[in-house]
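The values are calculated or read from the model by the stated rules, or taken from the named source; none is laboratory data. Everything numeric in this text was worked out from a predicted model, so none of it was measured. Neighbour counts run over all protein chains shown; Cβ positions are idealised from the backbone, glycine included. Each accessible area value is taken on the protein alone, full model and side chains, heavy atoms only, with ligands, DNA and RNA left out. Shrake-Rupley method; radii C 1.70, N 1.55, O 1.52, S 1.80 Å.
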Amino acid sequence: MKRFVEAYPEFRKLSGNVTKHVTLVGELSRLVAERHLLAVSELEQSLACNEQHNSDLKALRALISNAKITAENKVRCAILYALRYERAQGNATAELKQLLTSSGVDADQVASIDVVLRYAGVGERQSDLFQNENLFSRGRSIFKGLQGVENVYTQHTPALAEMVEQIVRGKQGLHWQERLPNLDPKARPPLLGNENGMHNQDIIVFVVGGVTMEEEMAVAKLNEKFASQNVRLLIGGTSIHTSSSFLAELSTTFFP
């Protein structure tokens, strides 16, 4: 009895923590189900990672027509479609904007599709972001898809992750050697005691305009991957963006 009385406060504390976690997880599960977030996420991942126009368009039409999907999620998926399939035969961006309007989405939100295309459309991008602009990149994308993914909801990897890994390995393309010559291993002597092929070990990435949580997670994974090679990566930015804050910044700052 004495031991029980002495341990009871700690038991109450642990019990309270468990109750908080269960309540939190329960509320998150309710929101995921209520807002159909698994369906939204699966379509987002498909639009970001896979080239399958007909099935993506069919799924997007159904999503926009679903009254239980929030306007924000509908617009975000439509933006991804517009960016990936901007030059695709049978592009249906105009139709999707009409569907959004008829489903009650605010005109300013629908207009954000054109805002993003002006900011990051094919004519503005400096790289083949979706790996679908030529036969070689399409082949790489198909091969990557054939390898499979562990989780369809987490298959996307930000472009920043590949760029940083190339810099770590000293394999960045010519455009990086022109802009950042100090990162070119040919421009400086090899590091002593660095026979493992890692050329750049202390790298700070600072993004003017903001970074995302996904990019921060990707850099954390790279730190784990290259920990044994004494590689240290640090990422920062002027802000941490969500899709909502990014679209708001584009609409008010760049294209008011």
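Calculate one ³J(HN,Hα) per residue across region 120-128 by plugging θ = phi - 60° into the Karplus curve 6.51 cos²θ - 1.76 cosθ + 1.60, and present them in order as whole Hz with x for glycine and proline.
Running phi through 6.51 cos²θ - 1.76 cosθ + 1.60 with θ = phi - 60° gives 9, x, 4, x, 9, 6, 9, 8, 7 Hz.
In region 201-256, what percent of the accessible surface is made up of carbon and sulfur (1.4 Å probe, ligands and nucleic acids excluded)? Display every interim value, and only then the final one.
Values: 2140 of 3430 Å².
Answer for region 201-256: carbon and sulfur cover 62 percent of the accessible area.
When averaged across all projection directions, what area in nm² does the alpha-carbon convex hull of region 62-123 cover?
Average of the hull's projected areas for region 62-123 equals 3.9 nm².
Amide H to amide H, which residues 5 or more places from VAL207 or on other chains are under 5 Å from it, using H placed in the peptide plane?
For VAL207, the qualifying residues are GLY236, GLY237, THR238.
Roughly how many whole Å is it from the C-alpha centroid of region 33-78 to that of region 96-112?
Cα centroid to Cα centroid, the span is 15 Å.
Report the label-to-label distance for SER15 and HIS36 in nanometres (one decimal), using points 7 Å from each Cα along the Cα→Cβ vector.
Placing both labels 7 Å beyond Cα along the Cβ direction yields 4.2 nm.
For TYR119 and VAL152, compute 0.36 nm times the residue count separating them, minus their Cα-Cα distance, and round to one decimal in nm. Walk me through the intermediate numbers first.
Numbers: separation 33, 0.36 × 33 = 11.88 nm, distance 2.81 nm.
9.1 nm is the gain from fully extending TYR119 to VAL152.
Given N residues in region 9-73, what is its alpha carbon radius of gyration divided by 2.2 N^0.38 Å?
Values: Rg = 18.1 Å, N = 65, 2.2 N^0.38 = 10.7 Å.
With N residues counted in region 9-73, Rg over 2.2 N^0.38 Å equals 1.68.
Pairs to check: LYS68/LYS97; LYS58/LYS97; LYS20/LYS68. Give those whose C-alpha atoms are more than 21 Å from each other in this structure. Could you put the intermediate results ahead of the total?
Numbers: LYS68/LYS97 18 Å; LYS58/LYS97 15 Å; LYS20/LYS68 28 Å.
Beyond 21 Å between Cα atoms: LYS20/LYS68.
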